[in-house]
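Quick notes on the structure that follows.
The values are calculated or read from the model by the stated rules, or taken from the named source; none is laboratory data. Note that the coordinates shown come from a computational prediction; the quantities given were computed from them, not determined experimentally. Here the Cβ positions follow ideal geometry from the backbone for every residue, glycine too, while neighbour counts run over all protein chains shown. Areas reflect the complete protein model, heavy atoms only, side chains present, ligands, DNA and RNA absent. Shrake-Rupley method; radii C 1.70, N 1.55, O 1.52, S 1.80 Å.
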Amino acid sequence: MAEGFKIDQKHGKGRVRVSRVWRRVGGSGAGVGVGDVIVEWNVSVSLASDCLPAYTAGDNSSIVATDSIKNTVYAKAKECSEVVSMENFAILLARHFTTFYPQVTAATVNIVEKPWERVVVDGRPHSHGFKLGSEKHTTEVTVNKCGALSITSGIQGLALLKTTKSGFEGFVSDRYTLLPDTRERMVATEVTASWRYCFEHVSEIPAKPFCFTERYEGAKKVLADTFFGPPDVGVYSPSVQNTLFLMAKAVLNRFLDVASIQLKMPNLHFLPVNLASKENPDMVKFADDVYMPTDEPHGTIEATISRTMSKM
């Protein structure tokens, strides 16, 4: 309280871009016999701290300068002599801010990773060559003074498409309905996924390094495999809603350290094309072959699936 008002405040630094290279890393961690490993992260830090006098009296003596926050990101990246996942880096940063500064009560760190992928040349992974991928790995970590922890990781921009084995029928039909029932259509989406880990305190992070990067790759594979189905016959999707649920359920069943998962799956449409004129009535007669791709407007489908007694 200050002068009869309640103030909820936080401050930090956003869009701190940092890249870290580990040279000549050997073993399975690099995915290559001997080679460089690179990450590029967009880091945002938000601090909850006891600095009310800065707001009410212009007293800045308890503020951690946002420039210092930015510099800390680079300093901590330098200190990471071994390859580290961005979740572990976010935990390291958040713990630093809550332990180094007495006035900081909690720290939230958000990171988005740019997807640099090792190239393969003549069937062999290149030791220092990378190309830019598509979907992005994300995380949000919050640590408070007592060590309470929340870790959410996810995927942005996972584009998936099936040319068949999708339909939509039996939906509400009224005077506004023009869409016909169908058991044959294309289905495409760009998945945004976020899953919350079960760890609730920094002491619960396994002593043996828990590979968040491997878990990310595993979750991405489970989501895609469930969407597509077996490679020879696929799997029929009666709706994006049903496919979303099956994808989320597969992640929860496969990874017991995931407490809940949220999926957002916009329905990106491929509209059948029929073109005709008086002179040419069959200019384009649709036969499951020519479509007009469009993402405006698009359907929006999202849901959160949790284990019993889980919270997200």
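Miscellaneous remarks
- Taking θ as phi - 60° and the Karplus parameters 6.51, -1.76 and 1.60, the scalar couplings of the range 279-294 work out to 6, 9, x, 10, 3, 9, 10, 4, 9, 6, 9, 10, 10, 10, x, 8 Hz in sequence order, x denoting glycine and proline.
- Isotropic mean projected area of the C-alpha convex hull, the chain (nm²): 24.8
- When the chain is treated as a Gaussian network with alpha carbon springs shorter than 10 Å, the biggest mean-square fluctuation among VAL121, VAL202, VAL258 belongs to VAL121.
- The residues of the chain present an accessible area of 58 Å² per residue when probed at 1.4 Å with all protein chains retained.
- Accessible area of HIS269 in the full protein assembly, 1.4 Å probe (Å², nearest 10): 60
- Here SER127 sits with roughly 50 square angstrom of accessible surface, probe radius 1.4 Å.
- With respect to the chain, whose longest principal axis is taken over its alpha-carbon atoms, helix 212-228 is tilted by about 10°.
- Apportionment of accessible area to carbon and sulfur, the range 222-262, percent (1.4 Å): 61
- Here the peptides 250-256, 17-23 are ranked by packing, the mean other Cβ count within 10 Å, and the order with the highest first is 250-256, 17-23.
- In sequence order, calculated HN-Hα J values of the range 75-84 (Karplus, 6.51, -1.76, 1.60; Hz; x Gly/Pro): 5, 5, 4, 5, 5, 7, 6, 10, 4, 9
- Between helix 240-254 and the chain: long-axis angle, C-alpha atoms, 0 to 90°, nearest 10: 50
- 3J(HN,Hα) couplings calculated from phi for the range 143-152 with the Karplus curve 6.51 cos²θ - 1.76 cosθ + 1.60 (θ = phi - 60°) are, in sequence order, 10, 9, 4, 7, x, 4, 9, 9, 10, 10 Hz; Gly and Pro show x.
- Projecting the Cα positions of PRO102, HIS201, SER277 onto the charge dipole of the chain (unit charges on Cβ atoms of Lys, Arg, Asp and Glu, taken about the Cα centre) puts PRO102 furthest along the positive direction.
- The range 88-128 and the range 147-161 have their alpha-carbon centroids 14 Å apart.
- Between helix 86-100 and the chain: long-axis angle, C-alpha atoms, 0 to 90°, nearest 10: 30
- Legend: residues CYS211, CYS80, CYS146, sorted from most to least accessible area (1.4 Å probe; ligands, DNA and RNA excluded), read CYS146, CYS211, CYS80.
- Within the full protein context, the accessible area of LEU92 is estimated at about 70 Å² for a probe radius of 1.4 Å.
- The range 243-292 and the range 33-77 have Cα centres lying 42 Å from one another.
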